[in-house]
Amino acid sequence: MVECKNLLAIIEELAQDAKQVDNDQLAKIEELILQAKRVFIVGAGRSGFAARAFSNRLMHLGFDSNFVGEPTTPSIRKGDLLIIGSGSGKTESLVTMAKKAKSEGALLSTVTIHPENTIGSMADAYIRIPGISSREEAVEKAPSVQPNGSSFEQLSWLVYDSMIVDLKKATKQEQADMDYRHANME
């Protein structure tokens, strides 16, 4: 067997970048999730894929979770939480959603490379993930063999899963509870 050097390089990169993720920032968003009536999640492009998976896992934990843009997504209101995954923190469509959520009295959080940009500056809480977006320069990140954006998206997915581990404990869920809510009409 010959080891896959690209895979090992990616895992090493993510391990180095993960050391820069502040657990206190995760805890703030976890607390907002626990307090929210409903949780709305959104992201564009590949960041959206990771965000969609997070929305799905929140549903598995029993949260009223909605991925924005689906036909069955209800309107956001006061007491709700919008979580936006955006590397740049200034994607126009996501900025519009952030403004709408705030105007309705909802809380806002984001997972981003740039919390100083538009969405982060409006957010009640954020998680800063090191990375390179196609629109901005890198922020203190490990060297990458990957195209711009990939490490942010991958680490976002892992950060979301890390929050699920904490939220599973906080809600006293068992794996059987999550399995019961898993799709059974696939």
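The figures follow:
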quantity	calculated
Which numbered condition residue 114 misses (of (1) part of a loop (DSSP other than H, G, I, E, B); (2) open to solvent by 20 Å² or more (accessible area, probe 1.4 Å))	(2)
The stretch 32-44, residues that are surrounded by 14 or more Cβ atoms within 10 Å (Cβ to Cβ) and in a helix (DSSP H, G or I)	32, 33, 34
Restricting the stretch 1-17 to residues that are out of contact with any Ser or Thr (no Cβ under 9 Å at 6 or more places or on another chain) and part of a helix (DSSP H, G or I), the residue that is most open to solvent (accessible area, probe 1.4 Å)	5
Residue within the stretch 73-82 that is over 22 Å from residue 173 (Cα atoms) and assigned to a helix (DSSP H, G or I) present	no
Residue check for residue 108: assigned to a helix (DSSP H, G or I), crowded, with 19+ Cβ neighbours inside 10 Å and not hydroxyl-bearing (Ser, Thr, Tyr)	no
The stretch 83-105, residues that are part of a helix (DSSP H, G or I), small (Gly, Ala, Ser) and surrounded by 20 or more Cβ atoms within 10 Å (Cβ to Cβ)	98, 101
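The values are calculated or read from the model by the stated rules, or taken from the named source; none is laboratory data. Fair warning: this is a prediction, and the values are worked out from it, not measured in the lab. For neighbour counting, all protein chains shown are included, and Cβ atoms are generated from backbone atoms with ideal geometry for every residue, glycine included. For the accessible areas, the whole protein counts, side chains as well, though only heavy atoms, and no ligand, DNA or RNA atoms are used. Shrake-Rupley method; radii C 1.70, N 1.55, O 1.52, S 1.80 Å.
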